[in-house]
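First up is the structure itself, then whatever we jot down about it.
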Amino acid sequence: MEGGNIAHRLGRLTVAFTPCPAAFDAVMVVLRHRGAWVLVRNPRRAWEFPGGRRLAGETWAETARREAAEEAGARLRDLRYVGWYARPGGGATIIGAAEVAAFTPLTGAFETTAVRLFPRLPADLSFRDGLYDFLTASDAAPRAGPTRPE
């Protein structure tokens with residue numbers, strides 16, 4: 001799959017494993033730590049991968065690192081570009097993947113209420129559009145296309 005223009009349709013989402021688009025406004029980071037998925041508890045929704053809006057002038061990698069720190073207290077290593085998807089309401093979200101090098105305990109300054117390691121996805125996810133299932137299926141994220149320098 002590497003190097004090609006590959007897309008997968010997941011309900012209302014199309015996930016593209018193509019080079020990073022220049023126009024994106026959000027990033028989601030698929031995190032792993034010691035073989036488990038790292039998800040955060042959003043106080044308005046449920047469990048989800050860290051992510052959020054791009055600040056002016058940020059690269060996708062800068063947004064990914066900032067959001068992982070703000071939502072999970074995570075310092076990342078081996079951050080890589082996976083792909084992107086267009087949100088049904090408009091906008092493009094970059095998908096990154098990384099290992100967590102270290103955690104900082106959550107305090108009132110964090111945007112989420114909990115961080116937890118899961119051997120498999122929990123039932124109470126914030127989004128049930130099939131994206132998380134697809135990305136966490138065996139080897140989906142590692143085989144997901146061209147990497148791009150940060």
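Details
- Exclusive hit being touching a residue at least 24 places away in the same chain (Cβ under 8 Å), surrounded by fewer than 18 Cβ atoms within 10 Å (Cβ to Cβ) and under 23 Å from Phe118 (Cβ atoms), set Arg53, Arg32: Arg32
- Each residue in region 60-75 was checked for being surrounded by fewer than 21 Cβ atoms within 10 Å (Cβ to Cβ) and hydrophobic (A, V, I, L, M, F, W, C), and 1 pass.
- Test result for Gly90, modelled with pLDDT under 95 and over 16 Å from the mean Cα position of the chain (by Cα): yes
- Count of region 48-75 residues which are in a helix (DSSP H, G or I) and polar (S, T, N, Q): 1
- Only residues that are outside any loop (DSSP other than H, G, I, E, B) and closer than 17 Å to Leu76 by Cβ were counted in region 27-47, giving 12.
- Test: residue in region 95-109 that is of a type in the set (Phe, Trp, Tyr) and over 11 Å from the mean Cα position of the chain (by Cα): yes
- Within region 11-28, tally of residues that are under 17 Å from Asp133 (Cβ atoms), buried (at least 16 other Cβ atoms within 10 Å of the Cβ) and either touching a Ser or Thr at 6+ places or on another chain (Cβ under 8 Å) or not aromatic (Phe, Trp, Tyr) (or both): 3
- Qualifying residue in region 104-125 (condition: in a loop (DSSP other than H, G, I, E, B), under 16 Å from Tyr85 (Cβ atoms), at pLDDT 80 or above and touching a Lys or Arg at 6+ places or on another chain (Cβ under 9 Å)): no
The values are calculated or read from the model by the stated rules, or taken from the named source; none is laboratory data. This one's a predicted model, so the numbers in the text were calculated from it and none came from an experiment. So basically every Cβ, Gly included, is an ideal-geometry build from the backbone, and we count neighbours across all protein chains shown.
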